[in-house]
Amino acid sequence: MSINAESLNPAGSAERLDRIEARLARIEAQLQLAARRDDNPATATPVADARVALPAPEPSGSREDELEFALGQTWFARAGILVLALGAGFALSLPYPGLPSGLPSCLGYALVGGLFLVAHLWQKSFELVSRYFRSAAMVLLFFATLRLFFFTPTPALSITTLTGKSLLLVVAGINLTIALRRKSPWLTALALGMGYATSLILNSAWFLFPVLVGLSVLVVYAWAQHRWSVILLAGMGATYLTYLLWAMNNPLRGNELRIVGEPLSSVFCLLLCGVIFAFPSFFSQAQEDKEYLLSSHALFNASACFGLFLLHTVLAFDSVLVFAHLVASVVFVGVAAALWMVRSNRIACAFYAITGYMAMSVAILKAFPVPDIFIWLSAQSLVVVATALWFRSPFIVVANFFIYVAIVLGYMFVAKRETGISIGFGLVALVSARILNWQQERLQLRTETMRNAYLVVVFVVFPYASHHLVPRSLVAISWVALAGLYYLLCRVLHNQKYRWMGHFTLLLTVFHVLMLGTTQFKPEYRILSYLVLGTVLVVISLTFSRRRTREQAKGVGENHVE
């Protein structure tokens, strides 16, 4: 009698039972399916043809094994290499007074070479660990180079020399090259972070801005090649954060916190970075990139770039504020126009265009005194509406309307006396309403809300202007004349809205005369106001009565013909 060794092994017996149970489960499922088919004659098939491909059941404990595998292979590798890298970094940061100042860096470079070699040799057999070794080598390469300039009373090189700055730039370039060649988003993010740190360590505007522009180009290039949206957003944030820290006099280098006021080219370099980061909106494909991602990218880029630009120019470049913001206005509106011609992305276009209009508003606020600035701001409103026609953007129209209302209210609160500027506000609102009515299909405004809103502004602004410009005793007569102008516009433009504006203006005049005319007017002006207003109201009533009679007569004639 022979004894099976497998039967004496408890683990082997358990595995054998698991296989038998899995086989029985497949046979039972097959027989049940065949029985159901036999019950239905229309679908009955021989049992031999009913083959069911069922996945093999997971062995017991597979989830626990997978978790243990992830913990042992992935997380232990990450933690171990992180600990090794930190230990090497701390070792490089020690002063070592008895050794030459450059020796620790040389030892660090030797360690970096060993890590790169191990990463290369293990890239097939231990791919995961190989990647972690490569990232640790990149960090230690950067740290070993920093050891030449810092962490010792007698550094081997000076960071202020051209040689020292060039060496740091070369190391940053090596790390970026390795990351881009490996096509790894993690390595790319790591190399970009060390690149931005290098720009701050150099602490020189003439090195900082070329580095920022170069890194911006690399971020956009990495996005174009691999569609790494996270890298794009992180790169934009790192660029603008680096610029902010430099504009605050780079406090990370221990400098006194203040706003840097030179060179002037710094703010235009910031605009250049904003233009570079706008390029993804030009080359995105609808099937690859969601529209909302493009819109959020444009919003973040425009707001961050212009926010820093506004803050820096206001605090440090007041003498050239007008010129700088006119340039910014041309840049952002130009980006919006180019984006519209290439992509026709309305939301992204609107964000860049509105940013350009904001820059123009800042230039106007700085260039002209109060209250003249309100004339130019209201004229700008017409420019915005005109460009909104081209961009086909109702969003710009709505935003411009609220800005326009804010301008009108600001003037009413700020102006000490009326000089006729309110009449300009009313004319701008009238022209804007006519433009919206003329090009409503191009703007795809399916409702008349915006046009009515502008006409409401006209209805308020013109009586306000005449109330302040005309002698008080003649205000009612001027409002009657204004109502007549509305009736004339209704007849010329064939738009019933102006007739209603005339009606409401006359009602406002009646209220004004009844409330103030009996107490504040002199007798002769009071009588004149009553006579003029009463005559106009009677004439209008007769006009409507005559029109109604004609319509009724026309209806009777048509019925008689039938």
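Could you order the peptides 166-174, 296-304 from most to least packed, using the average number of other C-beta atoms within 10 Å per residue?
Values: 166-174: 17.3, 296-304: 20.8.
Top to bottom by mean Cβ count within 10 Å: 296-304, 166-174.
Report the FRET efficiency, 1/(1 + (r/R0)^6), for L469 and S303, where r is their Cβ-Cβ distance and R0 is 45 Å, rounded to 0.05. Don't skip to the end; give the middle numbers.
Details: r = 41 Å, r/R0 = 0.90.
For L469 and S303, the calculated efficiency is 0.65.
With the alpha-carbon atoms as the only input, what is the per residue convex hull volume for region 390-508 in Å³? Could you put the intermediate results ahead of the total?
Details: hull volume 12.1 nm³, N = 119.
Cα-based convex hull of region 390-508, divided per residue, equals 102 Å³.
Could you go through region 327-333 in sequence order and give the Karplus-derived ³J(HN,Hα) for each residue, using 6.51 cos²θ - 1.76 cosθ + 1.60 with θ = phi - 60°, rounded to whole Hz, and x for Gly and Pro?
Per-residue couplings from phi come out as 4, 4, 4, 4, 5, 5, 5 Hz.
Probe radius 1.4 Å, ligands and nucleic acids left out: which of T239, T152 has the largest accessible area, and how do the rest follow?
On the way: T239 0, T152 25 Å².
Output order, biggest surface exposure first: T152, T239.
If I stretch the segment between I27 and Y96 completely, what's the gain in nm (0.36 nm per residue apart, minus their alpha carbon distance), one decimal? Let's see the in-between values first.
On the way: separation 69, 0.36 × 69 = 24.84 nm, distance 7.42 nm.
In short, 17.4 nm is gained.
Spelling out what I want: for every residue of region 206-213, take phi, set θ = phi - 60°, compute 6.51 cos²θ - 1.76 cosθ + 1.60 (Karplus), and round to whole Hz; glycine and proline get x.
Couplings: 6, 9, 4, 5, x, 5, 4, 5 Hz.
Enter the Cα centre distance for the pair region 168-197 and region 368-421, rounded to the nearest angstrom.
47
Could you tell me what fraction of 2.2 N^0.38 Å the Cα radius of gyration of region 362-423 comes to, as a two-decimal ratio?
Details: Rg = 12.5 Å, N = 62, 2.2 N^0.38 = 10.6 Å.
So region 362-423 has a normalised radius of gyration of 1.19.
Which value, in Å² and to the nearest 10, is the accessible area of E21 when all protein chains are kept and the probe is 1.4 Å?
E21 exposes around 120 Å² with every protein chain in place.
The values are calculated or read from the model by the stated rules, or taken from the named source; none is laboratory data. All figures in this text were calculated on a predicted structure; none of them were measured in a lab. So basically every Cβ, Gly included, is an ideal-geometry build from the backbone, and we count neighbours across all protein chains shown. We work out accessible area using only protein heavy atoms, side chains counted, and drop any ligands, DNA or RNA first. Shrake-Rupley method; radii C 1.70, N 1.55, O 1.52, S 1.80 Å.
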